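One structure is given here, and the rest of the page talks about it.
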């Protein structure tokens, strides 16, 4: 038997509160989160998701960039990185540094 698991994830890079350094995080969104991340037309856009992250990504003092793959109904909504620098900052923050 096979199971198909569909997850809505947002990859975020930004400055955390203390210490003020760049960190990356993957946020898994539930259906309730997706409903709250819509715009006035009921669509999820980069702007509406950014507004949701500003209110709900508590680990971050400021968000530098994000990308998302969201499962809305039977569709997948993909939102790419705003800049190449944001994507590079995300992977730099996720990669462990050898001591």
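Criterion first (surrounded by fewer than 12 Cβ atoms within 10 Å (Cβ to Cβ) and part of a strand (DSSP E or B)) does residue 47 satisfy it? Lay out the reasoning, then the answer.
Numbers: surrounded by fewer than 12 Cβ atoms within 10 Å (Cβ to Cβ): yes; part of a strand (DSSP E or B): no.
Taking the combined requirement at face value, the residue does not satisfy it.
Looking only at residues that are exposed (fewer than 12 other Cβ atoms within 10 Å of the Cβ) and part of a strand (DSSP E or B) in segment 7-44, which one is farthest from the chain's Cα centre (by Cα)?
Filtering first and then ranking leaves 28.
Can you tell me which residue is surrounded by the fewest Cβ atoms within 10 Å (Cβ to Cβ) among those in segment 50-81 that are within 12 Å of the chain's Cα centre (by Cα) and in a loop (DSSP other than H, G, I, E, B)?
Of the residues in segment 50-81, the ones within 12 Å of the chain's Cα centre (by Cα) are 50-54, 56-57, 60, 63-70, 78-81.
When the remaining residues are screened for being in a loop (DSSP other than H, G, I, E, B), the result is 57, 80-81.
Numbers: 57: 18, 80: 13, 81: 17.
Out of the qualifying residues, it is 80.
Does residue 4 count as more than 24 Å from residue 96 (Cβ to Cβ) and assigned to a helix (DSSP H, G or I)? Working first, answer last.
Numbers: more than 24 Å from residue 96 (Cβ to Cβ): yes; assigned to a helix (DSSP H, G or I): no.
Spelling it out, it is not the case that residue 4 is more than 24 Å from residue 96 (Cβ to Cβ) and assigned to a helix (DSSP H, G or I).
Only the coordinates and a few stated rules stand behind these numbers; no lab work does. Just so it is clear, the structure is predicted and the values come from calculations on it, not from any experiment. Cβ coordinates were reconstructed from backbone atoms using ideal geometry, including for glycine residues, and neighbour counts include every protein chain displayed.
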